[in-house]
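Comments concern the structure below.
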Amino acid sequence: MPGIASNFMHDRIQEGSVIAAKPPNGKFVLDVQKSIPAVLISNGVGITPMISMAKACALLNPTRPIWFLHGARDGKFHAFRDEMREISRQNHNLNVHFRYSRPTPENRGKYHSVGYVDAALIQELVRQEAEYFLCGSPSFMQSIMQGLKESGVPDSRVFFESFGKPMKSQSDKQTAIATGDERFAEIVFAKSGKTLTWQPSDGTILEFAEANDINPPFSCRVGVCGTCMCKIREGVVAYQEEPTATTDKGLVLICISQPGTAKLVLDI
Ligand code: FES
């Protein structure tokens, strides 16, 4: 059944159950102590980290101006609406704006504007220097990032996290693939006792491992959660995109990487 984890939680976990969990990780972090205004922009379930950021700021640094901009199709697709309204009612520096693309008559009074959250709306609402935090679907974030760039916002002021798999063009794949002699690489999966020959059409190291009946742990498959992190004993990997999860020296994320040297020895 789809939703293995959520089905497990509903069927087997009750109040009082103890679950082993990893600590928070990643680079999508709001420094609540800063005074520069923060603009939290999301669509869909991208609202989830924004709620925590808005709550943390409202509690720990209530004088910091926050804009909370969220896009949803209509009220049925809008999580945390009443909770956010309540938090903003208690904090005058927290400005909330909900934009619905297809509001229904029952949604009247529950949203602020109609359309999609875009750079024009952001500019209209936020008329000062700020830091921008984005979480949403890849296409949503791409358009907002482009709009912010065109408005002159430096990249150093934009932080983002995607909850979907980024779309990769064929040329992206090709440039990430090792060239020349390294187009074929020997990967030693040390713990599994397998030595295999990888080539570009095999995809990421994680995909290659799975295709060969090696099943390392994974979750997001986009370099965010750190679940696929493993020790590298020899060689280097070539990342297809900048990892979001923090990796220590000697550790690599195999869900977004391919061999970067002719030989790779992994602790899998
Ligand atoms: S599976 Fe999440 S970082 Fe690789």
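The values are calculated or read from the model by the stated rules, or taken from the named source; none is laboratory data. Just so we're clear, the structure is a prediction, and the values are computed from it rather than from any experiment. As a convention, Cβ positions derive from the backbone with ideal geometry for all residues, glycine included, and neighbour counts pool all protein chains shown. Protein only, heavy atoms only, side chains kept; ligands, DNA and RNA dropped before computing areas. Shrake-Rupley method; radii C 1.70, N 1.55, O 1.52, S 1.80 Å.
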Exercise for review: Tally the DSSP beta bridges in the chain and give the antiparallel ones as a percent, rounded to 5.
Suggested key: 30
Review point. So between His92 and Tyr116, what do we pick up on full extension, going 0.36 nm a residue minus the alpha carbon distance?
Key: 6.1 nm
Exercise for review: Please give the residues of the stretch 59-84, grouped as numeric ranges, whose backbone N is less than 15 Å from a label point set 7 Å along the Cα-to-Cβ vector of Arg102.
Suggested key: 72-78
Exercise for review: Would you work out the relative contact order for the stretch 170-266, in percent, from Cα pairs under 8 angstrom that are 6 or more residues apart?
Suggested key: 36
Check your understanding: Using alpha-carbon positions, what is the distance between the centroids of the stretch 247-268 and the stretch 84-151, in Å?
Key -> 39
Check your understanding: Among all the aspartates and glutamates, which ones have a C-alpha under 19 Å from Lys249's C-alpha, if same-chain residues fewer than 8 places away are not counted?
Key -> Glu234, Glu241, Asp267
Exercise for review: Work from the charge dipole of the chain (Cβ charges, +1 for Lys and Arg, -1 for Asp and Glu, about the Cα centre) and give the residue of Ala20, Pro217, Phe184 farthest towards its positive end.
Suggested key: Ala20
Review point. Given a cut-off of under 8 Å on Cα pairs at least six residues apart, what relative contact order in percent is computed for the stretch 68-155?
Key: 25
Check your understanding: Normalised by the number of residues in the chain, what is the relative contact order in percent for Cα pairs under 8 Å and 6+ residues apart?
Key -> 16
Check your understanding: Val39's amide H: which non-local residues (gap 5+, or another chain) put their own amide H closer than 5 Å, with H modeled 1.01 Å from N in plane and none for Pro or chain starts?
Key -> Trp67, Glu131, Tyr132, Phe133
Exercise for review: With the full set of protein chains in place, find how many percent of the accessible area of the chain is carbon and sulfur; take the probe as 1.4 Å.
Suggested key: 53
Practice item. Using the Cα centre as the reference, give the magnitude of the dipole from point charges on the C-beta atoms of the chain (Lys, Arg: +1; Asp, Glu: -1; all else neutral), rounded to the nearest 20 debye. Key: 580
Point to revise | Angle between the chain longest axis and helix 138-150 axis [Cα atoms, degrees, rounded to 10] | key: 70
**Study point:** Neighbour net charge for Leu266 - beta-carbon separation under 13 angstrom, K R +1, D E -1
**Key:** +2
**Study point:** Solvent-accessible area per residue, Å², over the chain with all protein chains present [probe radius 1.4 Å]
**Key:** 57
**Study point:** Local net charge near Thr48, Cβ-Cβ under 14 Å (Lys/Arg +1, Asp/Glu -1)
**Key:** 0
Point to revise | Shape of the stretch 170-266, Cα gyration tensor, a/c cut at 1.5 | key: rounded
Review point. Kirkwood-based Rg over Rh for the chain (C-alpha set), two decimals?
Key: 1.03
**Study point:** Point-charge dipole on Cβ atoms (K/R +1, D/E -1) for the stretch 170-266, about Cα centre, debye to 20
**Key:** 260
Check your understanding: Residue by residue through the stretch 102-111, which ³J(HN,Hα) values in whole Hz follow from phi under the Karplus form 6.51 cos²θ - 1.76 cosθ + 1.60 (θ = phi - 60°), with glycine and proline marked x?
Key -> 9, x, 9, x, 5, 7, 3, x, 9, 9
Exercise for review: Could you pull out which residues in the stretch 23-39 have an amide N less than 19 Å from a spot 7 Å beyond the Cα of Asp155, following the Cα-Cβ vector?
Suggested key: 27-29
